[in-house]
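Every number in this text was worked out from the coordinates using simple rules, so none of it is lab data. Since the structure is predicted, the reported quantities are computational estimates derived from the model, not experimental observations. Neighbour counts run over all protein chains shown; Cβ positions are idealised from the backbone, glycine included.
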Amino acid sequence: MSVMLWTVGAFVVNLLLGIGLLLGVYKFMERRVTLGALSGIVVGTGVIYAQATLGEQWLTVTVSEMKLLVIAACLGAVIGVVGTVLTVKPDL
């Protein structure tokens, strides 16, 4: 697969993960704020670790290509989180 296809895939996957993670955190925060915060940190860290591990095993890319993949993944996650924050309000 081409690096451009992986980049688009990383963007879309992280966009969806950002939305899903934030909705999950909101759901837990409606029960307990601390539970929501801690679950977001644990799950977010797990997702980053899993993506780094899979990326290392599946891809053979140059440093500049890896930078592009990381930027696309981060941008997708940020847009997913910010978009969700702007549209969904938790009942705290």
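So, of the residues in the stretch 56-70 that are in contact with a helix residue (DSSP H, G or I) (Cβ under 7 Å, 6 or more places away or on another chain) and part of a helix (DSSP H, G or I), which turns out to be farthest from Leu15 (Cα to Cα)? Among those residues, the one meeting the criterion is Glu65. Taken together, Leu5, Leu86, Leu38, Leu17 contain a single residue that is free of Cβ contacts under 8 Å to residues at least 40 places away in the same chain, assigned to a helix (DSSP H, G or I), surrounded by 11 or more Cβ atoms within 10 Å (Cβ to Cβ) and not charged (D, E, K, R), which is Leu38.
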